[in-house]
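To start, the structure under review is shown below, and the notes come after it.
Read-outs: derived from the displayed coordinates by stated rules, not from any lab. Because the structure is predicted, anything quoted here is derived from the model rather than measured. All Cβ positions, even for glycine, are placed from backbone atoms using ideal geometry, and neighbour counts span all protein chains on display.
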Amino acid sequence: MTAAAPDRVRARIRVEGIVQGVGFRPHVHALAHRYGLAGLVGNDTGGVFIEAEGPSRAVDTLVAQLRERPPALAQVDRVRVTSLAPTGSPGFAIVTSVPDGQRRTLVPPDSATCANCVTELFDPTDRRYRYPFVNCTHCGPRYTLITDLPYDRRHTTMAGFGMCPQCAREYTDPADRRFHAQPVCCPQCGPTAVFTDADGGPVAGDPVRTAVRWLRDGAILAVKGLGGYHLAVDAADSAAVARLRQRKRRDAKPFAVMAPDPAAVRRLCEVEPAAAALLEAPAAPIVLLPRHRDPAAREPAAPEPVADEVAPGNQELGVMLPYTPLHHLLARDLGRPFVLTSGNATDEPIAYRDGDARERLAGIADAFLAHDRPVHARADDSVVRVAGGRPLPLRRSRGYAPAPVRVPWRWPRPVLGCGADLKSTVCLGAERRAVLSTHLGDLADPDTLAAHTGAVAHLRLLLRADPAVVACDLHPDYHATRYAHRLADEQGLDLVTVQHHHAHIAACLAEHGHPGPVVGVAFDGTGYGTDGTIWGGELLVADLARFRRAGSLEPVPMPGGDAAVRRPWRMAAGYLYAAYGASPPATAVAARHASSWDAVTALAARGVHAPLTSSAGRLFDAVAALAGVRDEVSYEAQAALELEQRADPAVVDGYPVTVDGTDPLVIRGTDLVRAVVDDLAGGTPPGVVAARFHHGLAAAVVAAVRRVATATGLSTVALSGGVFANRLLLETVVTGLEWHGLRVLTHARVPPGDGGISLGQAAVAGARDRGP
Ligand code: ZN
Ligand code: ZN
Ligand code: FE
């Protein structure tokens with residue numbers, strides 16, 4: 001045709017990243033049509049390949065569009081363009097995929113039902129009207145149903161469902177929004193929902209409408225979701241929620257609710273723009289939102305009853321929007337929020353296989369709303385908070401995993417980061433990316449340990465990479481550490497141990513693609529220090545490979561060791577001893593625990609069974625107990641969370657804190673404790689004390705960081721560790737550091753807590769592997 005036209009060019013374009021199973025080829029096809037380009041597009045082992053021919057400006061526009069505006073679920077890591085000789089052949093074709101080979105393409109995360117599919121779901125004239133498994137190229141299950149690569153129907157849990165002719169037509173038509181949507185299905189050919197009683201006996205009637213009726217009657221339902229089973233109960237029904245707590249053996253830890261739509265969320269909570277974006281994102285996480293303090297802010301015409309038992313004593317509520325068609329049907333038919341919490345007893349991993357769920361949940365649920373599409377990979381809901389107008393992930397799981405964290409360096413050999421024991425994840429770093437598993441839970445539980453092993457196998461499969469190096473915590477007694485040692489022994493792999501707080505800072509660096517060195521502030525519960533003491537309030541000068549401890553909170557005795565973690569009042573005793581010695585002033589907390597107070601103080605005094613700790617989490621515990629906020633906890637960080645929520649937002653002054661020494665520095669936490677004791681003795685309300693404590697500690701962190709920054713000439717600071725899930729502390733520290741001209745790196749993609757540790761371990765081991 002016009003091969004002789006002067007500016008006619010042909011380009012080969014390679015696109016890498018999450019580009020398969022997300023509608024990339026039809027997207028390219030449509031763009032080519034729009035810009036009048038000839039050529040072809042196809043999938044191969046490396047991602048998507050394109051040949052585009054036409055005026056050079058049109059080809060450039062195509063490339064720019066691929067980079068800047070890919071399809072909704074795609075994640076474009078790299079676009080490479082090389083030039084070819086124009087062939088002059090007309091038309092633009094989608095060509096057959098090149099099968100197998102070493103797959104370098106990535107599995108997409110699961111995605112919430114898109115707006116088009118929701119419209120179909122509620123359109124009485126649509127053939128998928130009220131069909132609980134509607135999905136398309138732009139939404140639906142992915143990670144949780146993929147059993148192997150390449151990502152084709154036969155390698156998903158939809159393999160057992162043959163497509164009907166109509167679905168097959170949609171699947172093969174490049175102009176259809178279900179073109180190559182692997183889980184495509186309809187009422188004629190796809191999975192079906194079923195409602196059964198607790199013994200598995202089917203209950204007649206429409207499963208969803210029956211479920212809604214049971215919820216209204218106060219029943220606890222097990223509901224099969226994307227990554228496992230949930231337990232559901234009407235959020236307005238105090239007695240039903242209390243029953244769920246009792247059967248799940250969960251005292252106080254808040255439950256999340258699913259609200260029918262964004263307007264319903266706004267009636268419950270304050271929703272800032274960043275939070276609204278998170279709620280409605282394809283990942284559809286649980287978003288922790290502040291509840292309206294002023295009842296008048298709620299819409300009086302439509303009260304959204306959420307019983308106190310849902311999140312007792314908590315000023316925040318974890319809320320998510322429906323993310324599967326089944327949820328949309330339930331939520332719309334019920335018309336109000338319902339509790340939707342992991343299908344497990346406390347501390348166990350979420351049940352996801354049907355038989356296992358029947359067995360484990362039979363004593364908790366009154367009935368089951370399930371279906372016959374198997375869940376292949378377990379995935380708990382993700383949990384996100386908003387701090388400083390940005391997302392702050394607390395649990396990175398469904399909807400995010402297994403999207404990779406890209407870094408600007410290479411892992412010379414694949415590294416497996418084995419994580420920590422709480423909020424465990426594992427991470428495989430290979431080439432220029434790291435993939436974290438979903439949330440696995442607490443490894444003390446044997447089922448979680450099995451899940452840990454399964455997650456490692458799954459990551460290896462998805463990445464087609466076998467670790468040559470395993471990285472783990474220094475803590476010899478972590479289950480994850482023992483797992484790493486065993487794996488290294490059995491398979492002859494190199495083992496790298498990484499100090500816990502160095503791993504926290506490295507996770508933050510990896511997330512930002514920053515090699516360091518930085519001043520790292522790692523504040524968390526407890527971690528094993530290089531000197532054998534318990535760390536947890538650390539200032540490090542760190543790069544990816546190494547660190548030096550530049551300072552810490554003042555070490556104090558932790559009477560009874562781990563017993564003090566569950567009983568913050570013991571930390572109050574430890575801190576009072578450290579602050580005042582043998583004769584502290586009278587306090588309310590000592591009076592409340594008079595019968596055992598002296599014995600506990602004696603442990604601190606003698607240093608017997610009272611290890612020293614510089615933990616920031618334990619400082620929060622001590623102050624929470626002193627202020628009468630909480631003496632004992634039933635879940636991790638409960639006291640700190642309640643102290644943060646208690647802080648009076650009108651108070652902006654803080655207690656003075658001394659920062660002593662030069663190298664290492666010591667932040668005198670006992671100054672804070674003495675100020676708290678004095679204020680309380682003078683009758684200052686606990687809310688004011690809580691606020692002054694936060695502001696005082698934040699100012700001390702800023703002062704200490706500035707000293708380290710000045711001494712080292714560093715101007716970038718990384719904040720990590722579970723204590724930086726505390727929004728008030730985080731925002732105050734960031735503001736202070738930035739005011740002094742320092743650049744601050746905080747977490748926005750992986751959690752600051754131990755859920756991010758595996759990434760940090762992999763990053764450190766990779767950096768040591770690269771050498772200087
Ligand atoms: Zn869709
Ligand atoms: Zn069909
Ligand atoms: Fe930690």
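So what is the relative contact order for the chain, in percent, with contacts set as C-alpha pairs under 8 Å and at least six apart?
On the way: 1848 pairs, mean separation 86.6, N = 772.
That works out to 11 percent.
Reducing segment 344-399 and segment 512-537 to their Cα centroids gives an inter-centroid distance of 30 Å.
Positive-end ranking of Ala365, Cys427, Val339 along the dipole of segment 310-445, with charges on Cβ about the Cα centre, is headed by Cys427. Taking the Cα of Thr530, stepping 7 Å toward and past its beta carbon, and measuring to each backbone N in segment 461-477: which are under 19 Å? Within reach of a label on Thr530: 471-476.
D by Stokes-Einstein for the chain, Kirkwood Rh over Cα pairs, 4 °C, 1.567 mPa s: 47 µm²/s.
Grab the eigenvalues of the alpha-carbon gyration tensor for segment 286-422, scale each by 5, take roots, and send me the semi-axes largest first in whole angstrom.
On the way: eigenvalues 186, 119, 44 Å².
Over the Cα atoms of segment 286-422, the semi-axes work out to 30, 24, 15 Å.
Quick one: helix 56-68 against the long Cα principal axis of the chain, what's the angle to the nearest 10°, folded into 0 to 90? Between helix and principal axis, roughly 40 degrees.
Can you compute the charge dipole magnitude of the chain about its Cα centre, using +1 on each Lys and Arg Cβ and -1 on each Asp and Glu Cβ, nothing else charged? Give it in debye, rounded to the nearest 20. Don't skip to the answer; put the middle values down first.
Numbers: 81 positive and 81 negative charges, 334 e Å.
Using only the charged Cβ atoms, the result is roughly 1600 debye.
With the simple model of a label 7 Å out from the Cα in the direction of the Cβ, Ala563 to Arg486 spans 3.1 nm.
Please compute the contact order of segment 411-550 in relative form: average sequence separation of alpha-carbon pairs under 8 Å and at least six residues apart, divided by the residue count, as a percent.
Working: 260 pairs, mean separation 24.6, N = 140.
Averaging sequence separation for qualifying contacts and normalising by length gives 18 percent for segment 411-550.
Quick check for you: which residues of segment 635-670 have the amide N under 16 Å from the point 7 Å beyond the Cα of Thr712 toward its beta carbon? It comes to 662-667, nothing else.
Counting charges near Leu244 (Lys, Arg +1; Asp, Glu -1) among other residues having Cβ under 13 Å from its Cβ returns a value of +2. Angle of helix 594-606 to the longest C-alpha principal axis of the chain, folded into 0 to 90 degrees and rounded to 10: 90°. Note on Lys224: lysines with a C-alpha under 19 Å away, same-chain residues under 8 apart excluded, are Lys248. Which angle between 0 and 90 degrees, to the nearest 10, do you get for helix 207-216 versus the longest principal axis of the chain when only C-alpha atoms count? The angle comes out near 20 degrees. Contact order, relative form, for segment 616-669: 24 percent (alpha carbon pairs under 8 Å, 6 or more residues apart, mean separation divided by residue count).
Of the residues Phe693, Ser382, Val241, the one whose Cα sits farthest toward the positive end of the charge dipole of the chain, with +1 on the Cβ of Lys and Arg and -1 on the Cβ of Asp and Glu, is Ser382. Residue separation of Arg606 and Ser238 scaled by 0.36 nm, minus their Cα-Cα distance, works out to 127.7 nm of gained length.
Taking 25 °C and 0.890 mPa s as the conditions, I'd like the Stokes-Einstein D for segment 1-154 in µm²/s, using the Kirkwood hydrodynamic radius from alpha carbon pairs.
Numbers: Rh = 16.8 Å.
Translational D for this selection: 146 µm²/s.
Projecting the Cα atoms of Thr530, Leu121, Pro557 onto the charge dipole of the chain (Cβ charges, centred on the Cα centre) puts Leu121 farthest toward the positive pole. FRET efficiency for the Arg460 to Thr172 pair, using the beta carbon distance and R₀ = 30 Å, is estimated at 0.40. Cα centroids of segment 120-142 and segment 545-622: 56 Å apart. Magnitude of the charge dipole for segment 219-264, about its Cα centre and with charges confined to Cβ atoms of Lys, Arg (+1) and Asp, Glu (-1), is about 380 debye.
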